[in-house]
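Data first, discussion second: the structure below is written as structure tokens.
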Amino acid sequence: MARYVAQVPLRWTDQDSYRHLNHARAVTLLEEARIDLMFTAAGAEGVDSFAAGLLVAGLGVEYRRQIPYRAHDLRVEMTVRDVRAASFTIDYVMRAGPAESDPVAIEAETRMALFDLEGQRPRRLTAEERAFLLRWAPEETGTGRTEAVS
């Protein structure tokens, strides 16, 4: 499956009084991974319009295990689904370390809405934006499994 992988730094200040990753900080780390995909990676491919207006319309987070502080990055794997005219969903898997073999600690999703900040209204995806998003979208196969769109 094609996934976008971001490495996000785990900082000392990300832990709570129980010495593991704080909920609010976990959501911030997911945001940093999303920014890497939507602004940095997309911009490097000439798709810089996401930076002009992209809002979180919904958020869901499921915690699978605690993440204690360690001086290394966390691996965040992202795929995109439900690409519609003016919205899409990003699915996340955050691992407790930088490797693909590290255990899954968090699974999450954000529903994203494109927004025209100047006009203060939703806007539609451009063809270039849609093509970028679909690179990371799994597609259904006849077996009920998902495979990446290439």
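Would you check if Arg121 is free of Cβ contacts under 8 Å to residues at least 40 places away in the same chain, of a type outside the set (A, V, I, L, M, F, W, C) and either out of contact with any Asp or Glu (no Cβ under 6 Å at 6 or more places or on another chain) or within 24 Å of Pro9 (Cα to Cα) (or both)?
yes
Which of the following residues is surrounded by fewer than 15 Cβ atoms within 10 Å (Cβ to Cβ) and more than 16 Å from Val56 (Cβ to Cβ): Gly97, Gly119?
Gly119
Inspect the range 42-52 for any residue being of a type in the set (Gly, Ala, Ser), in contact with a helix residue (DSSP H, G or I) (Cβ under 9 Å, 6 or more places away or on another chain), buried (at least 16 other Cβ atoms within 10 Å of the Cβ) and under 21 Å from Arg123 (Cα atoms) and give the result as yes or no. Let's see the steps before the verdict.
To start, the set of residues in the range 42-52 that are of a type in the set (Gly, Ala, Ser) comprises 42-44, 46, 49, 51-52.
From what is left, the residues that are in contact with a helix residue (DSSP H, G or I) (Cβ under 9 Å, 6 or more places away or on another chain) are 42-43, 46, 49, 51.
If we keep only those that are buried (at least 16 other Cβ atoms within 10 Å of the Cβ) as well, we get 42, 49.
Next cut, under 21 Å from Arg123 (Cα atoms) only: 42, 49.
Yes: one or more hits.
Take the conditions in contact with a Lys or Arg (Cβ under 8 Å, 6 or more places away or on another chain), in contact (Cβ under 8 Å) with a residue 12 or more places away in the chain and assigned to a helix (DSSP H, G or I) and apply them to Thr13. Does it pass?
Against the criterion (in contact with a Lys or Arg (Cβ under 8 Å, 6 or more places away or on another chain), in contact (Cβ under 8 Å) with a residue 12 or more places away in the chain and assigned to a helix (DSSP H, G or I)), Thr13 qualifies.
With the condition being aliphatic (A, V, I, L, M) and modelled with pLDDT of 95 or more, I'd like the strands (runs of 3 or more DSSP E) fully within the range 39-150 carrying at least 2 qualifying residues. Write out each step before concluding.
Details: elements: 54-63, 73-81, 87-95, 104-116, 138-140, 146-148.
Here the list reads 54-63, 73-81, 87-95, 104-116.
Could you tell me whether any residue of the range 6-17 is surrounded by 15 or more Cβ atoms within 10 Å (Cβ to Cβ) and under 11 Å from the mean Cα position of the chain (by Cα)?
Within the range 6-17 (the criterion being surrounded by 15 or more Cβ atoms within 10 Å (Cβ to Cβ) and under 11 Å from the mean Cα position of the chain (by Cα)), the answer is yes, since at least one residue qualifies.
The values are calculated or read from the model by the stated rules, or taken from the named source; none is laboratory data. Not measured: the values here are computed from a predicted model. Note that each Cβ is placed from the backbone with ideal geometry, even for glycine, and that neighbours are counted across all protein chains shown.
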